[in-house]
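Asks: This is the structure I want to talk about, given as structure tokens.
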């Protein structure tokens, strides 16, 4: 049984690869030639050079596999790079789903809670909650990619969708979501964003992906979330674990909105969009609180304590020299 993993050098994909290895399963990884080699060093992995925009490489990588975990994506919360996001997140997913269906392989498509409806502080959202988040390229293309998978299921693909929340944990080489933890540790900010986050452990999400592969129903969608908390509470936990300085308050909307507009202005005149822009500010104001009840009931998904997750992520960053 050989399982193909895309995004194998990213946070979730790398944890999936390592978990598959621990379970004694053969792993094939689709890896871009420009990817960082460190995440796969020393691992027993069949590395296939390729790219989600190179559809021929997707067909080659699917030959002889029994399952696909599609964790690769273009992730950027902003207003720009719509064409790039479309080519990777939507068309790349379509080509990979077609290739998996043609060889009879199961597929787990890794989406994001950003493709789902926002919640409120009092009521977490689930897979059935109506609504959508701001129409930035990342949100729009991840929603479109889910539609691609559902259509492929109708034509014979045995595929499921998982929606991870905010993941922390080891093997965050880029780093990706761990950047928030590192920034809180390195730089004092008196104000945290006003919204909220569902903090989960990437190792638990990796296990949830494999459970979806084993027990997920075709066409079914599963939220893999965690501990729902405000950004203010999360940042204070990050500061406590990393010995950083915690925020004093939540940011005021007029100031954050102005910062987002300034980011858009920088992008317009430099061609490079900063992390703080109007789209990222709007997303930070939302409550990304979610229920994983369906995944818990049908897949056995669970998430370990938030402090353990943050502490293990911080220890890994420290050992790898990021601090």
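Asks: Under 8 Å for C-alpha pairs, at least 6 residues apart: give me the relative contact order for segment 112-219, rounded to a whole percent. List each step's numbers first, then the result.
Replies: On the way: 90 pairs, mean separation 32.2, N = 108.
Reported relative contact order: 30 percent.
Asks: Would you order 154, 308 from fewest to most other beta-carbon atoms within 10 Å of each residue's own beta-carbon?
Replies: Numbers: 154 10, 308 13.
By the 10 Å Cβ count, ascending, the order reads 154, 308.
Asks: State, as an integer percentage, the relative contact order of the chain based on alpha-carbon contacts under 8 Å between residues 6 or more apart.
Replies: On the way: 702 pairs, mean separation 61.8, N = 323.
Result for the chain is 19 percent.
Asks: Would you look at the GNM of the chain, springs on alpha carbons closer than 10 Å, and say which of 196, 216, 300 moves the most?
Replies: Between 196, 216, 300, it is 300 that shows the largest mean-square fluctuation.
Asks: Shifting gears a bit: Report, as a whole number in µm² per second, the diffusion coefficient that Stokes-Einstein gives for the chain at 25 °C and 0.890 mPa s using the Kirkwood radius over alpha carbon pairs.
Replies: Numbers: Rh = 20.0 Å.
Approximately 123 µm²/s, per Stokes-Einstein.
Asks: Here's a follow-up. Would you mind ranking 179, 220 by Cβ crowding within 10 Å, fewest neighbours first? List each step's numbers first, then the result.
Replies: Values: 179 13, 220 18.
By the 10 Å Cβ count, ascending, the order reads 179, 220.
Asks: Something else now. Ordered by packing density, taken as the mean number of other Cβ atoms within 10 Å over each peptide's residues, highest first, how do 124-130, 4-10, 209-215 rank?
Replies: Working: 124-130: 15.3, 4-10: 26.3, 209-215: 20.9.
The peptides rank, most packed first, as 4-10, 209-215, 124-130.
Asks: Determine, at each q value in 0.15 (inverse angstroms), the log₁₀ of I(q)/I(0) that the Debye formula gives when each Cα of segment 1-144 is one equal point scatterer.
Replies: Ignoring solvent entirely, the Cα scatterers give -0.78.
Asks: Same structure, new question: Which distance in Å, rounded to a whole number, links the C-alpha centroids of segment 29-93 and segment 186-236?
Replies: 22 Å
Asks: Rank the residues 238, 188, 74 as a footprinting-exposure proxy: fewest other Cβ atoms within 10 Å of their Cβ go first.
Replies: Details: 238 25, 188 12, 74 19.
Lowest count first: 188, 74, 238.
Asks: Now, a different point. Listed highest first by mean packing, meaning other Cβ atoms within 10 Å per residue, what order do 80-87, 268-275 come in?
Replies: Values: 80-87: 16.1, 268-275: 11.4.
Output ranking for 80-87, 268-275: 80-87, 268-275.
Asks: What does the convex hull of the Cα atoms of segment 134-235 come to per residue, in Å³, rounded to a whole number? Can you show the working numbers first?
Replies: On the way: hull volume 12.8 nm³, N = 102.
Dividing the Cα hull volume of segment 134-235 by its residues yields 125 Å³.
Every number in this text was worked out from the coordinates using simple rules, so none of it is lab data. Remember, predicted model here, so these are calculated numbers, not experimental data. Ideal geometry is used to build each Cβ from the backbone, glycine not excepted, and the neighbour counts take in all protein chains shown.
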